[in-house]
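Enquirer: Dumping the structure here so I can ask a few things about it.
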Amino acid sequence: MLRQARDRDGHGPEGHRDHGDFTVGEVPGVLWSPASGSDRAPLVLMCHGGGTHKRAPGMVGRAHRFVTGCGFTVAAIDAPGHGDRPRTTHDEQEIAALQQAMAAGEPVGPIGGWRSLIRRG
């Protein structure tokens, strides 16, 4: 979808630009923007949980809709203990609890959630 071949100017075949991965401090992310007019496009910051990655299919799909459907620039980052960020024992326990609840069909909500992001981010 968004991670397709680009021409030498970084333009993708679907009217977007994949600027690639970046890191701010210890926070890894990826940036996509519309192929044209991106210098004035609003920025949407996306973060995820569940032990996934900033380039997981669901994240890429949502980013694609924001970029191509709305003309937004999108930055997707990995939350603490997710994607390319190192996991602590506490992170592993939270992810296991979330995955267990999901497998059991139980409703899930933030286990550590944004508190972890704010505390350690």
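Enquirer: If neighbour count is taken as other Cβ atoms inside 10 Å, put T23, T89, T68 in order from fewest to most.
Expert: Ranked by crowding around the Cβ, least crowded first: T89, T23, T68.
Enquirer: Determine, for E26, E94, E106, the number of other Cβ atoms within 10 Å of each Cβ, and report the residues in order from fewest to most.
Expert: With the fewest neighbours first, E26, E94, E106 line up as E106, E26, E94.
Enquirer: By how many nm would the segment from R62 to V108 grow when fully extended, if each residue of separation counts as 0.36 nm and the alpha-carbon distance is taken off?
Expert: Fully extending the segment from R62 to V108 adds 14.5 nm.
Enquirer: May I pose another question? For the stretch 53-114, what's the relative contact order in percent, using C-alpha pairs closer than 8 Å and at least 6 residues apart?
Expert: Across the stretch 53-114, relative contact order equals 22 percent.
Enquirer: Go ahead and run the numbers for FRET between E92 and L43, Cβ-Cβ distance against an R0 of 30 Å, rounding to 0.05. Provide the component values of the computation, followed by the final result.
Expert: Details: r = 32 Å, r/R0 = 1.05.
Working from the Cβ atoms, E equals 0.45.
Enquirer: Just subtract the alpha-carbon distance of A101 and T52 from 0.36 nm times their residue separation and send over the number in nm, one decimal.
Expert: Gain on stretching A101 to T52: 16.1 nm.
None of the figures in this text is laboratory data; all of them are computed from the coordinates on show. Remember, predicted model here, so these are calculated numbers, not experimental data. Backbone-built Cβ (ideal geometry, glycine too); neighbour counts: all protein chains shown.
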